[in-house]
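Read the structure below first, then the notes.
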Amino acid sequence: AARKHYPVTKGFISKKNIGTVKAVDNVSFKLYRGETLGVIGESGCGKSTLAKLIMGLAELSGGEIRLNGKPVRSNMPLSMRRNIQMIFQDPYSSLDPRMNVRRIVEEPLRIHERLSKEEKNKIVLPIMEQVGLSADALRRFPHEFSGGQRQRIGIARALMLNPELIVCDEPVSALDVSIQAQVLNLFASLKKMRGLTYVFISHDMSVIKHVSDRIMVMYLGQVMEIASKRDLFGNARHPYTQALMSAIPKPNPAVAKDRIILEGDLPSPIHAPAGCPFRSRCPQAMDKCHIKPEFKQVSEDHYAACHLVNDEVGAS
Ligand code: SF4
Ligand code: MG
C-alpha cells in the first residue's frame, strides 16, 4: 500500500543561524504518518535545535516546516501547537517536584481546555493505564518514582492533548540500560494504539535501530544521509554513517566488520569546515571535498550528501 503523505509535507530548514552557530543548515526532510523518524548524530550536531524548530520553539530564519499544510512558527495558534508535543531527555528535571502527578499530567488540559473533574478523569485515567501507571500514582510526587516511571509520567503528560506528532529528544539516555528497552517498547505500543508519529532523537545507534522506521544522520547541523532503516543498515553510503554503524557493539565480534575509528575531534559548529562538514575526519576525503557535496538521491527514499555517492549516481 502506498504510504500516506504525512501533514508535515516538507520540513525545509535552510541556512538556519542560531546566533553565530549554524546549528541546523540545509535540513530537508519529510515525515510520513505513523512512522518513527530517528535522528542520529553526536552531541552538538544540531539535533536539539532541530527539535526546537519542529516544536515552534525557535524561529526559522529561512525555509519552512509545515504541519497539516500550515507553517510551524513560534506564534502558531494554540490549536496547532497542541498537536505537537515533546518528551524530554531528563525525567528528573522535566517534572516539577512540588506538583503531584495529577497536577503534572493535567497541566496541558488546564492550559488548553475548560473541563470538569469528571471530564478530565475520562482523559487522564485511560492514559495512565496506557503508559503503565496505576491511578493511585496520581496522588504521589515525582520523587516517589524511579527514572523509568518518571519518564512514563512525562509521556502521559505529552499524550493529554491527543497530539499527532511527538518529538522525543534523547528520551531514554538518562535511564539505566535495563529500563531503556521497557520505555522503548512503550513508545512502540503507544504508536500503534494511538496512531502517533515520532521524531526520535538520539546519539545512540542501538536505540535508533530499535525504534526507527527511517533514519536521518546529522553532522554539524547538516543532514548526511537519510534512508529507511533497512537501507541504512544494509547499504549505508555516507562515510560518517558507516563509521557510526561500525561503532555498534556486535553480538558476534568474530564476524563483525572492523570498527572505523574517526580521527580528530568533532569540530565546533562555529568552525565547521567549508565544503563537506565531515571532511576533517573523513577517512575517504579527497581534494574535491573542499566543495560542498549535493544531497543526492541514491534510491527511492534514500539520500546522501557525499561526493563518492554523487560520482556514482551521476552529476546533475
Ligand atoms: Fe568524505 Fe568527501 Fe564524502 Fe565528505 S564528501 S563524506 S569528505 S568523501
Ligand atoms: Mg541534544
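Candidates Ile179, Ile208, Ile215: the one that is out of contact with any Phe, Trp or Tyr (no Cβ under 6 Å at 6 or more places or on another chain) and not in a helix (DSSP H, G or I) is Ile215.
A quick yes/no check of all residues on (1) surrounded by 15 or more Cβ atoms within 10 Å (Cβ to Cβ); (2) away from ligand 1 (no atom under 16 Å from the Cβ); (3) under 26 Å from Tyr32 (Cβ atoms):
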site: Ile65; (1), (2), (3): yes, yes, yes
site: Ile87; (1), (2), (3): yes, yes, yes
site: Asp90; (1), (2), (3): yes, yes, no
site: Pro108; (1), (2), (3): yes, yes, yes
site: Lys117; (1), (2), (3): no, yes, no
site: Glu129; (1), (2), (3): no, yes, no
site: Leu133; (1), (2), (3): yes, yes, no
site: Arg152; (1), (2), (3): yes, yes, no
site: Met160; (1), (2), (3): yes, yes, yes
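Candidates Leu60, Leu37, Leu95, Leu109: the one that is modelled with pLDDT of 85 or more, part of a loop (DSSP other than H, G, I, E, B) and aliphatic (A, V, I, L, M) is Leu95. Can you tell me which residue within region 133-176, out of those that are touching a Lys or Arg at 6+ places or on another chain (Cβ under 6 Å) and assigned to a loop (DSSP other than H, G, I, E, B), is nearest to Ala51 (Cα to Cα)? It comes out as Leu161.
Just checking, does region 183-201 include any residue being assigned to a loop (DSSP other than H, G, I, E, B), surrounded by 19 or more Cβ atoms within 10 Å (Cβ to Cβ) and away from ligand 2 (no atom under 16 Å from the Cβ)?
From region 183-201, those assigned to a loop (DSSP other than H, G, I, E, B) are 195-196; that's our starting set.
Restricting the remaining residues to those that are surrounded by 19 or more Cβ atoms within 10 Å (Cβ to Cβ) gives 196.
Narrowing further to those that are away from ligand 2 (no atom under 16 Å from the Cβ): 196.
Looking through region 183-201, at least one residue is assigned to a loop (DSSP other than H, G, I, E, B), surrounded by 19 or more Cβ atoms within 10 Å (Cβ to Cβ) and away from ligand 2 (no atom under 16 Å from the Cβ).
Filtered by the rule that a residue be crowded, with 19+ Cβ neighbours inside 10 Å and either part of a helix (DSSP H, G or I) or acidic (Asp, Glu) (or both), region 218-234 gives Glu225, Asp231, Leu232.
The values are calculated or read from the model by the stated rules, or taken from the named source; none is laboratory data. Predicted model only: the values in this text are computed from it and were never measured. We place every Cβ from the backbone using ideal geometry, glycine too, and count neighbours over all the protein chains shown.
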